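A.B. asks: This structure is in structure tokens; I'll ask about it shortly.
The values are calculated or read from the model by the stated rules, or taken from the named source; none is laboratory data. Keep in mind that this is a model prediction, so the values were computed, not measured. A quick note on method: Cβ atoms are made from the backbone with ideal geometry, for glycine too, and the neighbour counts reach across all protein chains shown. Remember, those area values only see protein heavy atoms, side chains included, never the ligands or the DNA or RNA. Shrake-Rupley method; radii C 1.70, N 1.55, O 1.52, S 1.80 Å.
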Amino acid sequence: MARAHVEEPAQARLGDGSIARVVPSRFAGGFELEVAGTPQSHVDLDDPTHLHFEYVARMAAVIDRLRMPGQPLTAIHLGGGALTLPRYLAHTRPGSRQQVIELEQPLIDLVRAELPLPRGAQVRVRIGDAREVAAKLPAGLQGAADLVVSDVFAGAQTPAHLTTLEYYRVLAGLLAPGGVLLVNVADGAGLAFARRQVATVRAVLGEVIVLAEVQTLKGRRFGNLVIAASADPLPVEWLPRLMAAGPHPAKVAQGDEIGAFVRGAAVVTDADATASPKPAASLFER
């Protein structure tokens, strides 16, 4: 049985002074990475397919339908966290070539020490700002990614410069034909931020679906929405399978629903971008 090297909570101080800790999960087994008290990632070293956070499970449901089942993918992950999705991909699609961009070297050092990657996982970590590093990736990765995942948070918020038209154009340039971009968006009542994010992604990649818990998608509770986007049509046969994959109650918005969702929402640019809304501290109380 795989074991993390955690006895007392291990921690690291990040560049902004906040503390990252690896702690045993109280409710799901495995371990959680917390940054400034905000849960960032969950990892089960014994079962990389155990995805406790609902939005991560929704991302995995899309990933499972890319290319042929089990086929290795080329993937670029913006935002490292505890490397949950790279672990999942290495397990479900052995031989996948993966790049992770993470701002904080101390966080990566902590994760590698306490939650080591499985032997044989082809995961390269690049340290730096997600947007800057993505724009400077080698030519061999430009236009070569089957999957790009943007899941970047500073504490509980996505930085403003990682929410814009200009940013998503950089990410779109990394995608291979038929490649898919996944974006994790956190928002609350009214979904003003999420609507602008969907409008912005759709301005770059015309084919968009949104996956979320039903009440979150209706703007009745703070939560995570997953945007899946591509330059090419997303197969319609995905939709019932994505719904069935859960977590439940699940909703997949597509087609005319996306048009209604973004109606009146302005595209975000570098000139007017803001960070994502900050959730109430009570959201993370255990």
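A.B. asks: Given +1 on the Cβ of Lys and Arg, -1 on the Cβ of Asp and Glu, and no further charges, what dipole in debye does the range 203-265 carry about its Cα centre, rounded to the nearest 20?
C.D. replies: Values: 6 positive and 6 negative charges, 77 e Å.
My answer is approximately 380 debye.
A.B. asks: Still on this structure, please answer the following. Of all the accessible heavy-atom surface of the chain, with the other protein chains kept in place and a 1.4 Å probe, what percent is carbon and sulfur?
C.D. replies: 51 percent
A.B. asks: For the chain, what is the percent of antiparallel DSSP beta bridges, rounded to the nearest 5?
C.D. replies: Close to 65 percent.
A.B. asks: Report P(r) for the range 129-286: all Cα-Cα distances, bin width 5 Å, range 0 to the bin holding the largest distance, values in whole percent.
C.D. replies: Result, from short to long distances: 2, 9, 18, 22, 21, 15, 9, 3, 1, 0 percent.
A.B. asks: Quick one: length gained pulling Glu166 to Gln71 fully straight, 0.36 nm per residue minus the C-alpha distance?
C.D. replies: Extending this stretch completely gives an extra 31.1 nm.
A.B. asks: Let me ask something else. Report the calculated FRET efficiency for His248 and Ala139 (r = Cβ-Cβ distance, R0 = 30 Å), to the nearest 0.05.
C.D. replies: FRET efficiency, His248 to Ala139: 0.10.
A.B. asks: Now for a different question. Taking 0.36 nm per residue of sequence separation and subtracting the Cα-Cα distance, how much length would be gained by fully extending the chain between Glu132 and Arg119, in nm to one decimal?
C.D. replies: Extra length available between Glu132 and Arg119 comes to 1.7 nm.
A.B. asks: Magnitude of the Cβ-charge dipole of the chain, K/R +1 and D/E -1, about the Cα centre, nearest 20 debye?
C.D. replies: 320 debye
A.B. asks: For Ala189 and Ile19 in the same chain, what is the full-extension length gain: residue separation times 0.36 nm, less their Cα-Cα distance, in nm?
C.D. replies: 58.3 nm
A.B. asks: Solvent-accessible area of Glu132, probe 1.4 Å, all protein chains present, reported in Å² to the nearest ten, please.
C.D. replies: 110 Å²
A.B. asks: While we're here: What accessible area, in Å² to the nearest ten, does a 1.4 Å probe give for Asp270?
C.D. replies: 80 Å²
A.B. asks: Still on this structure, please answer the following. Considering only protein heavy atoms, what per residue accessible area in square angstrom results for the range 90-244 with a 1.4 angstrom probe? The partial results should precede the final answer.
C.D. replies: Numbers: 6160 Å² over 155 residues.
The answer is 40 Å² per residue.
A.B. asks: Roughly what would the spin-label model give for Asp109 and Ala36, points 7 Å off Cα along C-beta, in nm?
C.D. replies: Simple spin-label model gives 2.1 nm for this pair.
A.B. asks: Within straight cross-link reach of Lys218, meaning Cα distance under 26 Å, which lysines are found once same-chain residues fewer than 8 apart are removed?
C.D. replies: Lys251, Lys278
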